[in-house]
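See below for the structure under consideration.
The values are calculated or read from the model by the stated rules, or taken from the named source; none is laboratory data. Since we're looking at a predicted model, the values are computed, not measured. For neighbour counting, all protein chains shown are included, and Cβ atoms are generated from backbone atoms with ideal geometry for every residue, glycine included. Accessible surface is based on the protein model in full, side chains and every heavy atom, while ligands, DNA and RNA are left aside. Shrake-Rupley method; radii C 1.70, N 1.55, O 1.52, S 1.80 Å.
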Amino acid sequence: MNYNINEKGYYGDFGGAYIPEMLYPNVEELRQNYLKVMREESFQKEFRQLLKEYVGRPTPLYFAKRLSEKYKTKIYLKREDLCHTGAHKVNNTIGQILMAKRLGKTRIIAETGAGQHGVATATVCALMGLECIIFMGEVDIKRQAPNVARMKMLGAKVVPATSGSKTLKDATNEAIRDWINNPVDTHYIIGSVVGPHPYPDMVARFQSVISEEIKTQLREKENRKNPDFVVACVGGGSNAAGAFYHYLDNLEVGLIAVEAAGKGIDSGESAATSALGKVGIIHGSKTLLMQTADGQITEPYSISAGLDYPGVGPMHANLFTSGRGEFISITDDKAMKAGLELCKLEGIIPAIESSHALAIFETRKFKRDDVIVVNLSGRGDKDLDTFIRYFDL
Amino acid sequence: MNRIQNKLSEKKLYHNKAEKLLSIYFTAGYPKLDDTVEILQQLEESGVDMVEIGLPFSDPLADGPTIQDSSQLALKNGMTTEILFQQLKDVRKTVSIPLIIMGYFNPILQYGVEDFCEKCAEVGIDGLILPDLPLSEYKEHYHETFKKYNLINVFLITPQTSDDRIRQIDTASDGFIYLVSSSSVTGNLDGFDENQENYFNRVASMQLKNPLIVGFGIKDATTFKQATSKTEGAIIGSAFIKTLARNGKSGISNFIASIREV
Ligand SMILES: Cc1ncc(COP(=O)(O)O)c(C=O)c1O
């Protein structure tokens with residue numbers, strides 16, 4: 001079995017481009033060009049150079065000694081939190097802004113939930129001098145005030161999404177509607193491995209630099225290419241897709257995807273799509289999503305705004321249903337505890353999204369000589385308010 | 001032949017005398033859950049030629065605020081696919097114009113595509129407009145099922161659709177082609193300019209086998225006339241829903257009459 005995308009834009013049964021005809025010319029233009037552009041030498045050169053000098057790559061693969069001692073196994077952290085702007089999201093926005101420029105687009109739109117992808121998009125638009133419009137749910141704008149200010153400082157216009165539940169799903173709807181209304185000059189920078197083909201594949205390729213680096217770094221440190229397990233949190237699934245990418249077809253490497261259980265899978269307030277979702281169509285992709293029996297998309301919940309999405313990307317839907325990936329869900333409480341533990345044991349303040357991945361060690365046993373790489377997708381600066389309130393700091 | 005094809009060939013037969021086809025879109029379950037059939041009856045009595053019944057969806061990507069709001073209210077009123085079919089159970093006893101269900105693909109996927117089509121045939125639905133079911137998926141997976149239940153699938157084209165693709169869509173269609181008036185979601189009611197006129201002319205001159213019906217942005221007699229000068233008919237959605245919001249069902253016949261005047 002092949003766990004990567006096929007020539008029709010599907011991962012197994014998942015993916016495709018279920019889009020209204022109004023979006024067809026734009027999505028088709030991208031589909032026909034994205035691989036060609038990405039293979040151009042000048043593109044690769046510019047992309048690699050920006051990743052190195054602007055983002056600060058390669059990010060370290062750090063052996064977490066005290067964490068390893070506590071859990072009696074070997075834990076490495078892939079430090080995406082050290083990327084410019086504080087999370088892995090920028091790997092994708094750098095790639096897509098270069099793509100947009102080569103396609104002759106002059107206006108950039110994006111959706112954002114927590115604001116991390118919005119900040120990463122506003123950043124690259126400032127870097128390239130392109131107009132930038134970020135759609136963000138009205139509820140999230142209130143919850144994530146510092147990131148809204150950051151986007152504005154970077155020159156972006158932040159447009160509140162006032163439809164539906166006024167969160168990430170609705171911000172994505174509004175971005176798609178804006179693209180329908182502006183079919184010629186605009187590129188939509190989607191923030192995760194979701195949306196119509198070719199987005200999931202394109203974003204996964206831009207993020208695949210994460211596992212590319214892990215391979216080299218692990219050889220230096222452990223004299224082996226492959227870890228026993230790679231662990232990553234999954235909202236839409238882009239940091240996980242990047243961390244898994246070069247191991248997808250290597251069955252010796254266990255792939256562990258951690259979803260947000262919110263207040264518990266059966267609480268009615270959860271974002272654990274693999275446990276609660278059914279096959280359907282969201283934002284142009286056939287994948288697993290949380291929905292009513294009647295096919296209406298339901299609202300997810302997680303303490304972490306970045307995991308608060310009712311679907312997962314089609315790559316992950318396939319990893320789950322095929323059994324290639326191990327899917328685990330972690331509650332708010334466990335994630336917050338694991339986040340604080342990393343602060344105390346390693347001096348690293350993780351994003352709450354990434355804290356979900358770290359909580360794996362309280363949930364699942366590993367052998368003493370297992371080598372485990374946890375993708376530390378982002379830093380916790382943006383989450384200070386939530387940490388303060390949660391722990392009464 | 002199915003009712004859509006009948007209606008269109010009837011219109012064609014009396015081309016010069018007959019009025020252009022007027023179709024109305026409304027969201028099922030709006031303003032009240034049980035309004036669906038009464039609205040259909042009134043539309044037929046008012047002289048409307050065809051109706052698109054909107055199956056409400058939580059995330060209508062191609063719709064502007066008016067239809068988003070009517071969909072949300074309909075869902076809040078409790079509308080479901082099953083309830084819509086129950087409401088339509090006896091509709092063919094009182095309504096004879098062609099009826100199309102317009103909706104997004106996910107609710108239909110959950111209902112089961114074959115079950116959905118079977119139910120449509122049972123209650124007397126003639127066609128489907130599913131904006132997010134793309135041509136390629138339809139041809140590969142669903143064409144046979146739609147055909148089995150004598151359901152006509154209607155595709156959209158926009159000002160950005162290439163001639164090549166318009167021809168592909170024409171080949172795959174056997175009712176009419178839905179000409180989206182501008183590059184926009186529904187409910188943009190600014191009126192038409194020469195861009196639209198050029199676009200209507202361009203597509204009309206392609207001599208397609210399917211009739212063209214224009215939708216999006218038609219709100220009154222003037223825009224209806226502009227939209228239909230080179231095409232077979234037009235569809236009114238958001239402007240009709242605004243009328244329902246303002247005047248309720250009692251405003252229906254006046255609204256339809258106002259479109260037909262001039
Ligand atoms: C730090 C961090 N990690 C993870 C995510 C989840 O997204 P994805 O699943 O696409 O990596 C986000 C999203 O905002 C994030 O900011």
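For region B:19-259, a simple Cβ point-charge model (Lys and Arg +1, Asp and Glu -1, everything else neutral) yields a dipole of about 320 debye relative to the Cα centre.
Ignoring lysines fewer than eight residues from A:Lys105 along the same chain, the ones with Cα atoms less than 20 angstrom from its Cα are A:Lys36, A:Lys157. Accessible area per residue for the protein assembly as shown, computed on protein heavy atoms with a 1.4 Å probe, is 37 Å².
Comparing A:Thr121, A:Thr106, A:Thr172 in a Gaussian network model of chain A, where Cα atoms under 10 Å apart are tied by springs, the biggest mean-square fluctuation is seen for A:Thr106.
Using a Förster radius of 25 Å, what is the FRET efficiency between B:Asn6 and B:Met206 based on their Cβ-Cβ separation? Nearest 0.05, please. The formula returns an efficiency of 0.55 here.
Across all directions, the average flat footprint of the convex hull enclosing the Cα atoms of the protein assembly as shown is 28.5 nm².
Ranking B:Ser58, B:Tyr149, B:Leu8 by how far each Cα lies toward the positive end of the dipole of chain B (charges on Cβ) leaves B:Leu8 at the top. Annotation for A:Leu384 and A:Glu28: the two label points, set 7 Å from Cα along the Cα-Cβ direction, are 5.0 nm apart.
If you run the Gaussian network model on chain B, springs between alpha carbon atoms under 10 Å, then out of B:Leu73, B:Leu109, B:Leu99 the most flexible one is B:Leu109. Of all lysines in the structure, the ones whose alpha carbon falls short of 17 Å from that of A:Lys152, not counting any fewer than 8 places away in one chain, are A:Lys142, A:Lys382. Close lysine pairs were tallied over region A:201-322: pairs 8 or more places apart or on different chains with Cα atoms under 30 Å apart number 4.
Counting only other chain Cβ atoms within 10 Å of each residue's Cβ, the peptide A:170-183 averages 4.
With R₀ set to 22 Å, the beta-carbon distance separating A:Thr216 from A:Glu40 gives a calculated FRET efficiency near 0.40. Volume per residue of the convex hull around the Cα atoms, evaluated for region B:119-220, comes out as 117 Å³.
Is there a simple number for the mean count of other chain Cβ atoms within 10 Å of the Cβ of residues in B:101-111, and what is it? Write out the running numbers ahead of the final one.
Details: counts 0, 0, 1, 5, 5, 12, 8, 2, 8, 10, 3.
The per-residue average across the peptide is 5.
Look at the alpha carbon pairs under 8 Å that are at least 6 residues apart: their mean separation over the length of region B:19-259 gives a relative contact order of 22 percent. Taking amide H positions as modeled 1.01 Å from N, with prolines and chain starts lacking one, the residues under 5 Å from B:Ile236 and 5 or more places away or on another chain are B:Ser23, B:Ile24, B:Tyr25.
The loop-placed trypsin sites (Lys or Arg not before Pro) in region B:1-97, going by DSSP, that have at most 10 neighbouring Cβ atoms within 10 Å of their Cβ come out as B:Lys17.
Using only side-chain charges placed at the Cβ, +1 for Lys and Arg and -1 for Asp and Glu, the dipole size of region A:300-377 relative to its Cα centre rounds to 240 debye. Cα centroid separation, region B:63-121 to region A:340-356: 48 Å. Radius of gyration over Kirkwood radius for region B:19-259, both on Cα atoms: the Rg/Rh ratio is 0.93.
Excluding residues on the same chain fewer than 8 positions from B:Lys219, give the lysines whose Cα lies under 18 Å from its Cα. Result set, ordered by chain and number: B:Lys20, B:Lys230, B:Lys242, B:Lys249. Here the label points at A:Leu127 and B:Asp34, each 7 Å from Cα along the C-beta direction, are separated by 6.1 nm in the simple model. For A:Arg66 and B:Glu197, a Förster radius of 60 Å and the Cβ-Cβ distance give a FRET efficiency of 0.25, rounded to the nearest 0.05. Dividing the summed helix terms, -39500 (n - 2.57) for each DSSP H run of n ≥ 4, by the number of residues in chain B produces a 222 nm estimate of -12000 deg cm²/dmol to the nearest 500. Principal axis extents of the C-alpha atoms in region A:209-256 (largest first, rounded to whole Å): 32, 20, 15.
If you average the C-alpha positions of region A:158-197 and of region A:1-59 separately, how far apart do those two centres end up, in angstrom? So the two Cα centres are separated by 18 Å. Our analysis of chain A gives Rg over Rh at 0.93, with the two radii drawn from alpha carbon positions and Rh computed by the Kirkwood formula.
For the chain pair B and A, the buried solvent-accessible surface (1.4 Å probe, both sides summed) amounts to about 2800 Å². Under a 5 Å amide H cut-off, with hydrogens placed 1.01 Å from N, A:Gly378 pairs with A:Asp81, A:Ala351, A:Ser354 among residues at least 5 apart or on other chains.
Shielding value for B:69-79 is 1, the average number of Cβ atoms from other chains within 10 Å of each residue's Cβ. Selection among A:Asn92, B:Cys117, A:Gly12 by position relative to the dipole of the protein assembly as shown gives A:Asn92 as farthest towards the positive end (Cβ unit charges, Cα centre). Summarising the overall dimensions of region A:1-138 from its C-alpha atoms, the Rg and Dmax are 18.2, 56 angstrom. Dipole magnitude for chain A: about 980 debye, using +1 per Lys or Arg Cβ and -1 per Asp or Glu Cβ, origin at the Cα centre.
Considering only A:Asp81, A:Asp228, A:Asp369, the Gaussian network model of chain A with Cα springs below 10 Å gives its largest mean-square fluctuation to A:Asp369.
Over chain A, DSSP H runs of length four or greater, each weighted -39,500 (n - 2.57), average out per residue to a 222 nm ellipticity of -12500 deg cm²/dmol. Figure note: B:Thr171, B:Thr94, A:Thr331 ranked by solvent-accessible area, largest first, 1.4 Å probe, ligands and nucleic acids not counted: B:Thr171, B:Thr94, A:Thr331.
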